[in-house]
1. Could you grab me the full set of residues in the range 119-140 that are assigned to a helix (DSSP H, G or I), under 16 Å from SER84 (Cα atoms) and open to solvent by 10 Å² or more (accessible area, probe 1.4 Å)?
2. For the range 231-249, which residues satisfy the criterion of being of a type outside the set (D, E, K, R) and at pLDDT 95 or above?
3. Any idea how many residues of the range 346-383 are over 21 Å from SER173 (Cα atoms) and either among the polar types (S, T, N, Q) or under 20 Å from the mean Cα position of the chain (by Cα) (or both)?
4. Residue by residue through the range 336-357, note down the ones that are hydrophobic (A, V, I, L, M, F, W, C) and either surrounded by 14 or more Cβ atoms within 10 Å (Cβ to Cβ) or not in a helix (DSSP H, G or I) (or both).
5. For the range 13-69, give me the residue count where each residue is among the hydroxyl-bearing types (Ser, Thr, Tyr) and closer than 30 Å to ASP86 by Cα.
6. List pairs: first residue in the range 334-360 and under 22 Å from THR316 (Cα atoms), second residue of a type in the set (Phe, Trp, Tyr) anywhere in the structure, Cβ distance under 7 angstrom, at least six positions apart or on different chains.
7. Can you confirm whether PHE317 is of a type in the set (Phe, Trp, Tyr), in a helix (DSSP H, G or I) and either surrounded by 15 or more Cβ atoms within 10 Å (Cβ to Cβ) or modelled with pLDDT under 95 (or both)?
8. Kindly indicate the residue of the range 308-331 that is more than 31 Å from the chain's Cα centre (by Cα) and in contact (Cβ under 8 Å) with a residue 24 or more places away in the chain and also farthest from GLY15 (Cα to Cα) among those meeting that condition.
Amino acid sequence: MVLMPVYWLLFISLGTLLATSILFLRNRFDLTPLHLHSRSESTEPKISVCIPARNEEMNIGTLLDSVVRQEWNNYEILVLDDQSSDKTPEILKKALASYPQLLTVINGKPKPAGWLGKPWACHQLGKAASGDILLFLDADTTLEPMALKGVSLSMADYNLDMLTVWPVQKLDSFWEKVVIPLIYYALVTLLPAIYVYRKPRWVPSFLERKIRPKFAAACGQCIAFTRKAYEEIGGHESVKNQVVEDVELARIARRKNLTLRMFTGINSVSCRMYRSEKEMFEGLRKNFLAGFDHSVAKFIVAGLVHLIVFILPFITFIYALVYPNPLLLFLSVGSISILLLQRLLLAQWFQWDPVYSFTHPLGVLWYQRLAAVIILDRISGRKTEWKGRKI
């Protein structure tokens, strides 16, 4: 009787993991790489590659080297130096001397009141771009030679107004390998990727308009618009004060019944998001709560669910070994087995070291620590800082 509540919690864990496995398997087929070979005849539209750069001396040179090697003839590169205080301006000056016909460097204007840094930088880039397709890239991404072709062909094949790519994340340090995959794990086990592209057929037509934005998602590391769509949604000015501007842009696009689709960056786009545990903690600290609509209540509930689904089975597994209990052992092993299978498949999918699939509970506890700090920030009114700016 004492263990009865634990049994029920383990049933919840097992049921949740079985349900997310179905979604995972569907996303494995629906969340595809960019098309590198067209299914239809296509012109070669001009692509404006727009790159905001603030203190990106570690990344900007690598990205530019990859962009200038594209197997695409009709494109321009625009980089906005967002008042960098490191060697970014020097690197851009050298790049401009090497590629004067292809590269335009814009000196960013001071950020107006009411704007966050990235939307303001992207807004300036959007105003300066002349392409038919506007492709916004974070400075820490890298393109394979066929990436621009993939963006153009995918937009044409699916008749898209907007697309976004989830890059293959390059993971080097221990904590990167533990923490970053959980972002992708949440994506592929919680969001039906196909519904970002089309409406769910099971939703009644009178509810579809209201439900549509709920399935909107995007990754700001690589996001593209047709010029017409970008202007229709109001560009980055429409999300000028949004920390997760990428998701908000997707929601606006869906409200306006524009067509968007998500892709993986396999064979096209990669990214080294963070280079240390401290940088990763501060980077996620600035926008993690925004993913829950800034609701502390939703945030806490999600944290409790994560403890039940991902931590409890490991605790009860050890308990069942010390104090033999067949039902407890069965439920614990069932949950752990499904979770590890999901993580191993995810590692294979995104080309990560499979050994770190077994660190999932450690990653969850890392996020619990992050969540506690964010809640304290909210209670105390303490603002986070990113690249020298308060957020």
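The values are calculated or read from the model by the stated rules, or taken from the named source; none is laboratory data. Model, not experiment: these values are computed from the prediction. Cβ sites come from the backbone with ideal geometry, for glycine too, and all protein chains shown count toward neighbours. Just the protein is used for accessible areas: all its heavy atoms, side chains included, with ligands, DNA and RNA removed. Shrake-Rupley method; radii C 1.70, N 1.55, O 1.52, S 1.80 Å.
1. The answer is TRP120, GLN124.
2. Matches in the range 231-249: ILE233, GLY234, GLY235, HIS236, SER238, VAL239, LEU249.
3. Residues that pass the stated criteria total 3.
4. Passing the criteria: ILE336, ILE338, LEU339, LEU340, LEU341, LEU344, LEU345, LEU346, ALA347, TRP349, PHE350, TRP352.
5. 3
6. Sorted first by the residue in the range 334-360, then by its partner, the pairs are ILE336/PHE314; ILE336/PHE317; LEU339/PHE310; LEU340/PHE358; GLN342/PHE24; ARG343/TYR185; HIS360/PHE310.
7. yes
8. Here the residue is ASN325.
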